[in-house]
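Enquirer: Just dropping this structure here.
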Amino acid sequence: MNLTEKILSAHLLGAAALPKAGEEIALRIDQTLTQDATGTMAYLQFEAMGIDRVKTELSVAYVDHNTLGTGFENADDHRYIRTVARRHGIRFSRPGNGICHQVHLERYGIPGKTLIGSDSHTPTAGGIGMLGFGAGGLDVAVAMGGGAYYIRMPRVIGVRLTGRLTGWAQAKDVILEILRRLTVKGGVGAVMEYFGEGVGSLSVPERATITNMGAELGATTSVFPSDGQTRKFLSQNGREDCYRPLAADDDAAYDEIVELDLSKIRPMVACPHSPDKVVPVGEVEGLPVDQVCVGSCTNSSLSDMLLVAAILKGKSISPRVSFSVSPGSRQVLTQMSECGALADILAAGARILECACGPCIGMGNSPQSGGVSLRTFNRNFEGRSGTADAKVYLVSPAVAAAAAVYGKITDPAKLGDPPRISLPEKFTVNDNMIDLPDFSGEVEKGPNIKPIPIGIPTPEKLSEKVLLKVGDNITTDHIMPAGAKILPYRSNIPYLSRFCFGVCDESFAKRAKEAGHCVIVGGENYGQGSSREHAALVPLYLGVRAVIACSFARIHQANLINAGILPLTFVDKNDYQKIEEGDEIEIEGLRSAIENGGEIYAVCHGERIPLAAPFTGRQREILLAGGLLNYTKEQEK
Ligand code: MIC
Ligand code: SF4
């Protein structure tokens with residue numbers, strides 16, 4: 001077996017053996033995590049399920065996204081999460097303690113365990129040999145209640161690593177190279193499993209950079225073996241007892257193999273506005289840069305920070321560049337201060353930000369108009385930075401530091417040989433910003449927390465106007481933007497709904513509200529990116545009954561089904577051309593077809609367009625009930 005199969009088999013529920021790829025499997029989930037921007041919804045849904053205590057081995061609620069606090073909203077949400085966590089048995093990582101994925105790796109990751117998180121970068125945990133899945137808040141709530149997590153059995157793509165990184169090449173360049181080759185759709189339906197003699201040269205934080213951005217490939221998750229590097233990282237964190245070796249069998253088979261010689265990797269850059277628009281740094285060299293940001297769950301480990309500090313030591317940031325650094329965790333920041341790296345970065349002219357997501361999700365530090373921003377982050381979708389016409393490039397910490405010094409995109413080779421970084425034998429561990437639950441206290445909700453919309457059972461006939469037609473690779477950032485102005489309202493669906501699809505069509509929200517109900521037509525890979533279930537709950541609130549697309553991204557499709565919105569696909573992708581915005585469509589016999597697996601046709605301009613509804617039995621029942629909450633209630637009766 002390969003490693004993915006081993007971990008999946010050990011967690012398989014209700015079946016003796018793993019089925020073939022594409023069939024639904026139910027998994028036992030050992031750990032869950034939430035962050036605050038999706039956590040309030042997850043806990044509201046958990047409360048609605050009426051379960052007293054979480055049933056997982058470990059559940060942690062992190063606060064890392066909404067930390068600006070421009071009004072009472074964020075603080076109220078934090079208080080709600082803190083009190084609901086305390087009451088129901090969930091650990092609470094306070095704002096300032098760090099980004100969920102970084103802290104989880106340091107403090108809680110255990111090789112061989114399963115984790116789901118209400119954040120699409122939960123696969124970061126694959127760096128420590130866990131299977132981590134990004135999911136909607138409702139799926140996380142169900143797992144906290146002891147319920148199974150359902151996915152389609154993934155294909156397993158083996159990435160054989162040979163050689164080792166040389167010169168200025170970094171882990172970020174490895175995943176950028178994979179994105180260049182496979183694109184943002186290349187991992188759909190698959191787990192990226194790394195193996196081969198090159199694996200041993202990569203540290204856990206380097207592996208985590210690679211598994212983190214597996215999310216950008218559309219992969220179900222990514223995973224590395226657990227070996228001496230894993231043991232070392234756990235030991236540095238005072239958790240060596242959690243170590244267990246794990247690897248694929250020598251004769252393991254993969255559905256596909258990608259060969260990657262680490263010694264051939266060179267510094268790369270992902271150009272605007274997609275993480276797969278990757279070119280070697282030389283192709284964009286010389287482009288003037290206005291902003292450089294180091295941090296995010298992709299590249300905010302201690303070694304990333306120490307490298308940047310070593311490059312900047314004794315130098316000054318170019319006067320044209322605003323240079324920010326957000327360490328991934330308080331542990332990382334503490335150690336930067338203990339070893340003097342923080343002083344070196346400060347002396348060079350850095351702006352030190354909180355240990356949080358910050359600019360990655362547009363919470364402050366938006367670039368200037370039309371600005372060029374180089375970021376060590378994982379997403380450069382249009383508008384995500386908070387500046388509509390900014391151009392965001394994704395780079396390694398080394399390329400970021402070089403650009404900060406020279407004020408333009410520069411091959412770090414210009415800096416001479418890469419500095420040598422040494423990490424402490426033992427990290428400075430301090431868990432006093434993680435509150436342990438004591439199952440007591442009142443749950444406190446502020447006025448920003450509004451009720452969640454509830455879906456309606458699938459009707460027999462759908463007669464709708466196409467209120468919006470969009471193209472390929474629409475992200476959940478398009479559907480439900482984030483950023484400093486909007487993010488504080490993640491617990492307030494009615495208010496959030498004003499901004500739905502604002503990046504594509506500012507009039508959509510108003511038109512949808514007036515129409516009362518409608519459908520949306522999309523292209524390939526609809527709903528890629530963030531796991532935010534708001535991209536389903538807000539359309540539900542606005543009356544979206546179905547989305548007809550060429551294909552869907554995994555997490556978003558699950559969120560639509562959970563919300564009771566039908567994700568239908570074109571049988572013939574060319575039919576995408578036949579439906580235009582403003583058209584009226586009719587689907588007869590819909591409920592019966594979902595129930596019995598019959599054929600579905602949308603009639604548009606008198607023409608019958610065949611649609612596919614490739615749902616599992618459980619998904620059909622959820623849709624018929626009008627969403628997972630209704631379905632769960634029906635099951636309880
Ligand atoms: C993101 O990187 O897009 C986020 C913000 O972390 C999201 C979650 C969210 O929208 O709250 C994600 O990746 O799932
Ligand atoms: Fe936070 Fe950015 Fe990571 Fe999302 S991608 S969890 S916003 S740091």
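Enquirer: Assess whether Thr122 counts as being within 16 Å of ligand 2 (Cβ to nearest atom), of a type in the set (Ser, Thr, Tyr) and in contact with a Leu (Cβ under 8 Å, 6 or more places away or on another chain). Even if it seems obvious, please write down each step before you answer.
Expert: On the way: within 16 Å of ligand 2 (Cβ to nearest atom): yes; of a type in the set (Ser, Thr, Tyr): yes; in contact with a Leu (Cβ under 8 Å, 6 or more places away or on another chain): yes.
Answer is yes for this residue.
Enquirer: Separate question: Quick test of your reading of the structure: Gly529 fulfils all but one of (1) at pLDDT 95 or above; (2) away from ligand 2 (no atom under 16 Å from the Cβ); (3) at positive phi. Name the failing condition by number.
Expert: Looking at each condition in turn, Gly529 falls short on (2).
Enquirer: Need pairs with beta-carbon distance below 8 Å; first residue farther than 22 Å from Gly516 by Cβ and within segment 530-557, second within 16 Å of ligand 2 (Cβ to nearest atom) and among the acidic types (Asp, Glu); sequence gap 6+ or separate chains.
Expert: Sorted first by the residue in segment 530-557, then by its partner, the pairs are Ser530/Asp119; Ser530/Asp477; Ser531/Asp119.
Enquirer: Here are some residues: Thr221, Thr183. Which one is among the hydroxyl-bearing types (Ser, Thr, Tyr), closer than 18 Å to Glu256 by Cβ and surrounded by fewer than 23 Cβ atoms within 10 Å (Cβ to Cβ)?
Expert: Exactly one residue qualifies, and that residue is Thr183.
Enquirer: Tell me the residue from Glu581, Glu586, Glu634 that is part of a helix (DSSP H, G or I), over 21 Å from Val188 (Cα atoms) and either of a type outside the set (Lys, Arg) or touching a residue at least 60 places away in the same chain (Cβ under 8 Å) (or both), please. Step through it out loud before you land on a result.
Expert: Values: Glu581 fails: part of a helix (DSSP H, G or I); Glu586 fails: part of a helix (DSSP H, G or I).
From the options Glu581, Glu586, Glu634, the qualifying one is Glu634.
Enquirer: If you don't mind, there's one more thing I want to ask. Of all residues in segment 42-81, which are in a loop (DSSP other than H, G, I, E, B), within 19 Å of Gly132 (Cα to Cα) and more than 15 Å from ligand 1 (Cβ to nearest atom)?
Expert: Listed by number, the residues that qualify are Val54, Lys55, Thr56, Glu57.
Enquirer: Residue by residue through segment 395-408, note down the ones that are part of a helix (DSSP H, G or I) and surrounded by 24 or more Cβ atoms within 10 Å (Cβ to Cβ). If you could, list the steps in order and put the result at the bottom.
Expert: Filtering segment 395-408 for residues part of a helix (DSSP H, G or I) gives 397-406.
Answer for segment 395-408, where residues must be part of a helix (DSSP H, G or I) and surrounded by 24 or more Cβ atoms within 10 Å (Cβ to Cβ): Pro397, Ala398, Val399, Ala400, Ala401, Ala402, Ala403, Ala404.
Enquirer: Do the conditions hold for Gly132, that is, is it in contact with a helix residue (DSSP H, G or I) (Cβ under 6 Å, 6 or more places away or on another chain) and part of a loop (DSSP other than H, G, I, E, B)? Break it down into steps so the answer makes sense when it comes.
Expert: Working: in contact with a helix residue (DSSP H, G or I) (Cβ under 6 Å, 6 or more places away or on another chain): yes; part of a loop (DSSP other than H, G, I, E, B): no.
No: the conditions fail for Gly132.
Enquirer: Wholly within segment 449-554, which helices (runs of 4 or more DSSP H) include no fewer than the required count, namely at least 1 residues that are closer than 25 Å to Asp139 by Cα?
Expert: Helices (runs of 4 or more DSSP H) meeting the threshold: 476-479, 493-496, 534-541.
Enquirer: Please give the number of the condition Pro95 fails out of (1) within 16 Å of ligand 2 (Cβ to nearest atom); (2) touching a residue at least 60 places away in the same chain (Cβ under 8 Å); (3) under 19 Å from Gly127 (Cβ atoms).
Expert: Answer for Pro95: the failing condition is (3).
Enquirer: Sticking with this structure for a sec: Can you tell me which condition Glu24 does not meet? The list is (1) within 24 Å of the chain's Cα centre (by Cα); (2) away from ligand 1 (no atom under 15 Å from the Cβ); (3) surrounded by 17 or more Cβ atoms within 10 Å (Cβ to Cβ), and all the others hold.
Expert: (3)
Condition check ((1) more than 16 Å from ligand 1 (Cβ to nearest atom); (2) within 27 Å of Asp251 (Cα to Cα); (3) in a helix (DSSP H, G or I); (4) acidic (Asp, Glu)) across all residues:
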{"position": "Gly146", "(1), (2), (3), (4)": "yes, no, no, no"}
{"position": "Arg160", "(1), (2), (3), (4)": "yes, yes, no, no"}
{"position": "Arg181", "(1), (2), (3), (4)": "yes, yes, yes, no"}
{"position": "Val184", "(1), (2), (3), (4)": "no, no, no, no"}
{"position": "Tyr194", "(1), (2), (3), (4)": "yes, yes, no, no"}
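Enquirer: Now, a different point. Can you tell me which residue among Ser324, Ser329, Ser301 is surrounded by fewer than 23 Cβ atoms within 10 Å (Cβ to Cβ) and on the phi < 0 side of the Ramachandran plot?
Expert: Checking each option against the conditions leaves just Ser324.
Enquirer: Further, regarding this structure: Note down all Cβ pairs under 6 Å where the first residue falls in segment 603-623 and is among the polar types (S, T, N, Q), the second is in a strand (DSSP E or B), and they're at least six residues apart or on different chains.
Expert: Taking only residues 6 or more apart or on different chains, the pairs are Thr616/Glu24.
Enquirer: Within segment 134-172, count every residue that is under 14 Å from Ala42 (Cβ atoms) and either within 20 Å of the chain's Cα centre (by Cα) or not small (Gly, Ala, Ser) (or both).
Expert: First, pick out the residues of segment 134-172 that are under 14 Å from Ala42 (Cβ atoms): 134-145, 147, 149.
If we keep only those that are either within 20 Å of the chain's Cα centre (by Cα) or not small (Gly, Ala, Ser) (or both) too, we end up with 134-144, 149.
Total meeting the criteria: 12.
Enquirer: Scan segment 385-394 and give yes if some residue there is modelled with pLDDT under 95, surrounded by fewer than 20 Cβ atoms within 10 Å (Cβ to Cβ) and part of a loop (DSSP other than H, G, I, E, B), otherwise no.
Expert: Checked segment 385-394: at least one residue is modelled with pLDDT under 95, surrounded by fewer than 20 Cβ atoms within 10 Å (Cβ to Cβ) and part of a loop (DSSP other than H, G, I, E, B).
The values are calculated or read from the model by the stated rules, or taken from the named source; none is laboratory data. Remember, it's a predicted structure, so these values are computed and weren't measured experimentally. Here the Cβ is made from the backbone with ideal geometry for all residues, glycine too, and neighbour counts use every protein chain on show.
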